[in-house]
Amino acid sequence: MIDFELDADHTVLTIRPTGPLAEADFCTVAAAVDPIIEDRGKLNGLLIQATSFPGWDSFAGLISHFRFVKGHHRHIRKVAIVSDDAVLVCFPPIASHFVSAEVRHFPAHEYEAAMNWILTKTGA
C-alpha cells in the first residue's frame, strides 16, 4: 500500500509505502502523475520516504512496480530515498544503472534536505 502526495506546483511526488505494494497502487499513482507529466514533460522529483522496504503483496504487484518504473523513469529528474533501511540505503548505486533519474539516499531524519536537493536545478 502506498500513500502519496503530489505537489503539482513544484512537480514533486512524495511516496510513503505503508505496507506491501500492490498492483492497484501503481495504477493510482500513475493516474495522478501522468497528467502532470503530459502537461509539463517531467517531474522535478520523486521522494520516497520509508522506514523499510515493504515488498509486494503479489507477483502482479512486483510486475506493476517494474512497469511503472519502466514507463516513468525518463520523466523524473531526481529520486530521493529517505530511509535508514539497509535495503533502501543500498538502492541508489544499483538504480543508477537502470533509471535515467539522478538517485540519492538521505538518512531518515533528512527529509527537508532531500526535498531541497530535488528542488535545486543544478543537482548539487
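What follows draws every value from the coordinates through simple rules; no lab data is involved. This structure is a prediction, so every number in the text was calculated from the model and none was measured. Ideal geometry is used to build each Cβ from the backbone, glycine not excepted, and the neighbour counts take in all protein chains shown.
Apply the Kirkwood formula to the chain: the hydrodynamic radius equals the inverse of the mean of 1/r over all pairs of different alpha-carbon atoms; give it in Å with one decimal. Before the final figure, lay out each step's value.
Values: mean 1/r = 0.0692 Å⁻¹.
Here the Kirkwood hydrodynamic radius works out to 14.5 Å.
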Of the candidates 118, 100, 26, the farthest towards the positive dipole end of the chain (Lys/Arg Cβ +1, Asp/Glu Cβ -1, centred on the Cα centre) is 100
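For the chain, what is the charge dipole size about the Cα centre, in debye to the nearest 20, if Lys and Arg each add +1 at the Cβ and Asp and Glu each add -1 at the Cβ?
Details: 10 positive and 15 negative charges, 110 e Å.
With only Lys, Arg, Asp and Glu charged at Cβ, the dipole is about 520 debye.
Quote to one decimal, in nm, the extra length available between residue 111 and residue 30 on full extension: 0.36 nm per residue of separation minus the C-alpha distance between them. Don't skip to the answer; put the middle values down first.
Working: separation 81, 0.36 × 81 = 29.16 nm, distance 2.32 nm.
The span from residue 111 to residue 30 would gain 26.8 nm if fully extended.
Show that you can apply the helix-only estimate: for the chain, add -39,500 (n - 2.57) for every DSSP H stretch of four or more residues, divide by all residues, and state [θ] at 222 nm to the nearest 500.
One gets -12000 deg cm²/dmol as the mean residue ellipticity at 222 nm.
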May I ask you to derive the FRET efficiency for residue 94 and residue 38 from their Cβ-Cβ distance with R0 = 22 Å, giving the value to the nearest 0.05? 0.15
In whole Hz, with x marking every Gly and Pro, tabulate ³J(HN,Hα) for segment 65-76 from phi via Karplus 6.51 cos²θ - 1.76 cosθ + 1.60, θ = phi - 60°. 4, 4, 5, 4, 4, 4, x, 10, 4, 6, 10, 10
Footprinting proxy, 63, 36: sorted fewest to most Cβ within 10 Å, the residues are 63, 36
